[in-house]
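Note sheet for the following structure.
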Amino acid sequence: MLRLCYAIAETGYALIVDDDALTSRIEALVLASDEPLTIKRLVAVLGDDIASGDIRAALLELETHYSTRGIRLVQVADGWQFRTADEHAASVQQLWQIRPSRLSRSALETLAIIAYRQPTTRAEIEALRGVKTSGSIIATLQEREWIKVLGRKDVPGRPHLYGTGRQFLVDFNLNSLNDLPESSQLLDDDEKEQMISNHRGEEQ
Amino acid sequence: MLRLCYAIAETGYALIVDDDALTSRIEALVLASDEPLTIKRLVAVLGDDIASGDIRAALLELETHYSTRGIRLVQVADGWQFRTADEHAASVQQLWQIRPSRLSRSALETLAIIAYRQPTTRAEIEALRGVKTSGSIIATLQEREWIKVLGRKDVPGRPHLYGTGRQFLVDFNLNSLNDLPESSQLLDDDEKEQMISNHRGEEQ
Amino acid sequence: MQPVQADLFPADGDKQPVMPPVHLDQFEGPLDLLLHLIRSQQMDIFDIPIAMLTSQYLALLVEPDQPAAAQQAGLDLDIAGDYLVMASTLMQLKSRMLLPRPQLDDEGNAIDPRAELAAQLIAYEQYRLLAEELNARPRLGRDVFARCIFPEAENVERPLPEADLDALLLAFRHVLKRVGGEVRHQILVETMSVREQMRLVLERLGAGGMQLDEMLQDSPGREALVTTVLAILELWRQQSISVVQSECYGSVTLLPKQVMH
């Protein structure tokens, strides 16, 4: 990678990024935006005569440029945002004089279940965890806007159905729910059943 | 050091910047800082073993790197910060017209504390929030005429006493400050219960 | 409650392998505890030695040297309830395992009574892992940070932020929760000193006269209002300020003394 950069620099094409007015404009817009900037909004600002394909290409060019720097251009919640590289976490924490706040295991487990099983009810969460879920955990997660009520389930008592909100993607550095770690490896109930009966089969 | 950087840039090896851990850290710190970052503050965060000369050199290196990009690293009166390049002013302006900026969480917390505790000082706000309150937050709130200086507190240093201004009531649709809900109403019973028991726990 | 249970289900301690001491308050619930027992002893989750697991589990429930916090937690019906339900499930499984003739499913296969528990444990273990992975991701505000100061350019006028009362109240809730409600407490007992308020009134009149309405409008809450009025009256009495009302029911103007001379 580095070698390649040098080669480019030597042949004098390193400045191609800087010459590209569109890339430069997009770089400024991403910095100016208060939240992750979507391609849709970029199209709205840049005007119809600029193809969204070109915008996408410019963003990827910027992403590559920043991939080895102290700040990164990352894609979160379907938008783009500059963020500090995570290897500088300790320095920034020191700048902010904060200690990283820790989430309790119960809160994390509840959040994970909601993220992977949404829409889901409190009863389902409790069945999976084998313990009561305190109202304050739900409240904390809602307050951080990581989870929200999506509606009510059509069963007696009409319990709330919970799912994750946009802020969950923003805060956990996810572009979409598909980026959740190992979601593909989650077994559904049928598969678990299968695993257990297979196992029994082997023994017999 | 400086001379060396320029020399490198001229010969086309500008990308060597990416290898420099200190420069990378400083780049991240400038992005994350809530006010223009001074060298003094950088020295405090980075530790005594890093010479301020090296910090200065890294900043100049970054300034050079960004001088041809869509965002710039600029030195303003009280430190360094990232700004959008002047030539993109029109696009940036357009972005904000589409989406007016939102108040940051820190700004909201600061405003809320001032509203509920006025007259109050910056030190009190910081004690409640547990983090430093930046001058730029106070400045934004003052610019919006939501807060104003009511006077000075009669303690050493004679710090400013802040309170809300009339525009605060107008913009937040309040007839008077009495329309702000009692702070105790903001917490539900569970939470109050929990706080009381936490409190008791600490005392034991 | 606990001693009774100990009598009913003696924890046949002599048969048990030596386990490192654990306490209930380390666990998120019965499933977490069972997984710990199973994984730390490398039991096969698909072939759980129910008898051994049950006695170990019960022994932990009635463990006499649980720390005080857990003893207290043990008395919490909600938490104790979850652990006790699991205890009875385990006891039931244990007895069903002893049945000479196993139950059969529709196709005539023997049903392993432990299958449901195993499925529950596997599901829980998965989410426990996913929770850890979620926690390990770089999180905004903990590991990674977005830009904080506005990147103003000289020739751009930035629209000022919009007001949002809900967001404001939510933000204050955060502060309250973080400081454990202390703010509320302080607000209620905070006594505003008339002397301080007198100084403030004088300072605000420093630039010239002011309408009484305007002066009072900025006083938050009843207490502040009263204090401000008291301060004005006191200043008037001391002849530090003048109070002028030019017509009946007209507006009241406060003037600093200097202006009068």
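Does at least one position in the stretch B:53-72 carry a residue that is hydroxyl-bearing (S, T, Y) and away from chain A (no Cβ under 11 Å)? Yes, there is a match, as at least one residue in the stretch B:53-72 is hydroxyl-bearing (S, T, Y) and away from chain A (no Cβ under 11 Å).
Scanning for something modelled with pLDDT under 70, surrounded by 18 or more Cβ atoms within 10 Å (Cβ to Cβ) and outside any loop (DSSP other than H, G, I, E, B), does the stretch C:169-181 turn up at least one residue? Within the stretch C:169-181 (the criterion being modelled with pLDDT under 70, surrounded by 18 or more Cβ atoms within 10 Å (Cβ to Cβ) and outside any loop (DSSP other than H, G, I, E, B)), the answer is no, since none of the residues qualifies.
One residue stands out among those in the stretch A:49-73 that are more than 24 Å from B:E63 (Cβ to Cβ) and β-branched (V, I, T): the one that is farthest from the chain's Cα centre (by Cα), which is A:I50. Among the charged types (D, E, K, R), over 30 Å from C:P151 (Cα atoms) and either modelled with pLDDT of 85 or more or in contact with a His (Cβ under 6 Å, 6 or more places away or on another chain) (or both): is that true of B:R158 in this structure? Criteria met by B:R158. If only residues of the stretch B:61-113 that are in contact (Cβ under 8 Å) with a residue 24 or more places away in the chain and under 20 Å from A:Y66 (Cβ atoms) are counted, the one that is surrounded by the fewest Cβ atoms within 10 Å (Cβ to Cβ) is B:T64.
Can you find a residue that is more than 7 Å from every other protein chain (Cβ to nearest Cβ) and within 18 Å of B:V30 (Cβ to Cβ) anywhere in the stretch B:81-103? No: zero hits.
What residue, among those in the stretch A:136-162 that are surrounded by fewer than 14 Cβ atoms within 10 Å (Cβ to Cβ) and small (G, A, S), is farthest from the other protein chains (Cβ to nearest Cβ)? Per the criteria, the residue is A:G151. So which of A:W96, A:W80 ends up being at pLDDT below 95 and aromatic (F, W, Y)? The unique qualifying residue is A:W96.
Taking each residue of the stretch B:149-178 that is closer than 23 Å to C:D213 by Cα and looking for partners that are among the acidic types (D, E) and buried (at least 16 other Cβ atoms within 10 Å of the Cβ) with beta-carbon atoms closer than 7 Å, six or more apart or interchain, yields B:G163/C:D218. Remark: B:I113 matches the filter, which requires a residue to be within 7 Å of chain C (Cβ to nearest Cβ) and β-branched (V, I, T). If the condition is being among the aliphatic types (A, V, I, L, M) and within 17 Å of the chain's Cα centre (by Cα), then the stretch A:86-125 contributes A:L108, A:L111, A:A112, A:I113, A:I114, A:A115.
When C:E133 is tested against (1) assigned to a loop (DSSP other than H, G, I, E, B); (2) among the charged types (D, E, K, R); (3) facing another protein chain (nearest Cβ under 7 Å); (4) surrounded by fewer than 20 Cβ atoms within 10 Å (Cβ to Cβ), only condition (1) is not met.
Given the residues C:E132, C:E107, C:E116, C:E125, which is the only one that is closer than 22 Å to A:P181 by Cα and without any contact (Cβ under 8 Å) to a residue 24 or more places away in the chain? Just one listed residue meets the conditions, C:E132.
When the stretch C:85-103 is filtered for residues that are aliphatic (A, V, I, L, M) and assigned to a helix (DSSP H, G or I), the ones remaining, listed by number, are C:V85, C:M86, C:A87, C:L90, C:M91, C:L93, C:M97, C:L98.
Quick one: which residue in C:G81, C:G13 is surrounded by fewer than 14 Cβ atoms within 10 Å (Cβ to Cβ), modelled with pLDDT of 75 or more and at negative phi? Reasoning before the result, please.
Working: C:G13 fails: modelled with pLDDT of 75 or more.
Only one candidate qualifies: C:G81.
Out of everything in the stretch B:163-187 that is of a type in the set (S, T, Y) and surrounded by 18 or more Cβ atoms within 10 Å (Cβ to Cβ), what residue ends up being nearest to the chain's Cα centre (by Cα)? Only one residue tops the list, namely B:T164.
The values are calculated or read from the model by the stated rules, or taken from the named source; none is laboratory data. Nothing here was measured: the structure is a model prediction, and the numbers come from that model. Please note: Cβ atoms are built from the backbone with ideal geometry, for glycine as well, and neighbour counts cover all protein chains shown.
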